[in-house]
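These notes are about the structure you will find just below.
Nothing in this text is a laboratory measurement; each read-out follows from the coordinates by a stated rule. Note that this is a predicted model, so its numbers are computed, not measured. Every residue, glycine among them, receives a Cβ derived from its backbone with ideal geometry; neighbour counts consider all protein chains shown.
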Amino acid sequence: MDINSELQAKYSSSFDEKKICSYNVEEISSPTNPIMHQESRFLFFIEGKGTIKINNICYDIKPYSCVAIVPWTITEVTDVIERLQFIKIVYNFNYFNQSIKSTYNTLDESIDIISELSNNPIVYANELETKKIIRILNDLKSEISMESVLDIRKEQILSNAFISNKIMEMIIWYIRQTKNKNLKITKIANNDLDKRVTIFKYLYSHLSEKPTLKSVSTKFYISESTLSKYCKKIIGVNFHDLLNEMRLIKTMDFLLYSDFSLNIIAELVGFNDASHLSNFFTKRMGSTPNQYRKINKDVFKILNPERSNLGYEVINYITVFFMEDISEVVVAKKFDMSVQELNRILQYTVEKNFDELISFLRINHACKLLKTTDNTILDIAITVGYNNVKTFNNHFIKLKNMNPSKFRKEVNIQYDYE
């Protein structure tokens, strides 16, 4: 049966919105209502036994269980056999995701942190691994104190760097535990497993593709009315409001952690252009995106800023010249790097390689031209950078699951966020 989920706050701390991480110890003595989390967290259970449902799959909880929760995951403690006591670490996922990528130096490999954590939402630590994780947690506690007792301490020198290293260490520890072949996860059979819970993760990961009620309902083989009712029943907001909330959170993170222009951010989070992003953000936050960025410019420091700045320069260059005849070889040469390094930086920054980013920018711009001009498809193909209609059509179908003619005829550009 569908039950309304409480929507957790989007900040890492209940008392200081600028903190990148918080530490607390909590107890649960009876089953809870479902909760949808907007921010990532680890729950390390010290005592107790029970059952936790994560995206509608039930898992046993026992001492030294560690649960990883990524944004837009629904959790519910469904059974408490013995009182549960756990340490809760809440952290800003996008900040630490980029931090790990910026220090992940293997050129031939990439790692999808959100998939690694969400596909393996619980691990059970043995005695040796428990000592490792307790050490990390104690280090965090000594640095940021405990929220529930309002133990406010003076921030130490390089505190954010210290916290970043500890959270990264914890994420790496967790992912390594999931690769342990001897690890046995206790799932509890659930004949009523509802696949719809994956919709929220899908939306969060595909905002740049401008998902609509129609496109998502088609992908998940449900009707538009069913999807709309499901969103309303599970989290108390409709489909469009849910997209708005996700867009707002990602916009805030890009403003804080990157030097991207508003045009680039608009593309990455699914707005039609910078003007719509700015209007929406100002209405919701009471300040313009540039004002918000200026106010918070010294709050966060991305690790390895020299590499990050280079990444932003590359992205800005590509977004200016994506309709020109450019190639990854030409761009790599311009920035004095190898093609491998170029693609690694792009994967780290926008989670797309060169060809994917060029196609993404060209096809999105083509969509606007299809709906706002009477230009022929050939003219639009050439305008956005393709030499022929066949290649343009192939790329368009790959990204939009329909050809340009059908898009022009059947799809309306939605301004859900206005």
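Quick one: dipole size for the range 198-410, taken about the Cα centre, charges +1 on Lys/Arg Cβ and -1 on Asp/Glu Cβ, in debye to the nearest 20. Working shown, then result.
Working: 29 positive and 22 negative charges, 182 e Å.
Here the size comes out at about 880 debye.
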Normalising by the residue count of the range 198-410, find the relative contact order in percent from Cα pairs under 8 Å and 6+ residues apart. 13 percent
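Students often get this wrong, so check it: of Lys232/Lys409; Lys333/Lys400; Lys53/Lys88; Lys131/Lys352; Lys141/Lys352, which have C-alpha atoms separated by over 27 Å? Walk me through the intermediate numbers first.
Working: Lys232/Lys409 30 Å; Lys333/Lys400 32 Å; Lys53/Lys88 17 Å; Lys131/Lys352 38 Å; Lys141/Lys352 36 Å.
Where the Cα-Cα span goes over 27 Å, the pairs concerned are Lys232/Lys409; Lys333/Lys400; Lys131/Lys352; Lys141/Lys352.
Taking the range 218-367 on its own, what percent of its Cα-Cα pair distances exceed 18 Å? Write out the running numbers ahead of the final one.
Numbers: 7156 of 11175 pairs.
Tail fraction, whole percent: 64.
Return the subset of Lys49/Lys229; Lys179/Lys219; Lys233/Lys283; Lys233/Lys390; Lys219/Lys250; Lys49/Lys219 for which the Cα-Cα distance in this structure is over 32 Å, preserving the input order.
Working: Lys49/Lys229 34 Å; Lys179/Lys219 30 Å; Lys233/Lys283 26 Å; Lys233/Lys390 44 Å; Lys219/Lys250 23 Å; Lys49/Lys219 38 Å.
Beyond 32 Å between Cα atoms: Lys49/Lys229; Lys233/Lys390; Lys49/Lys219.
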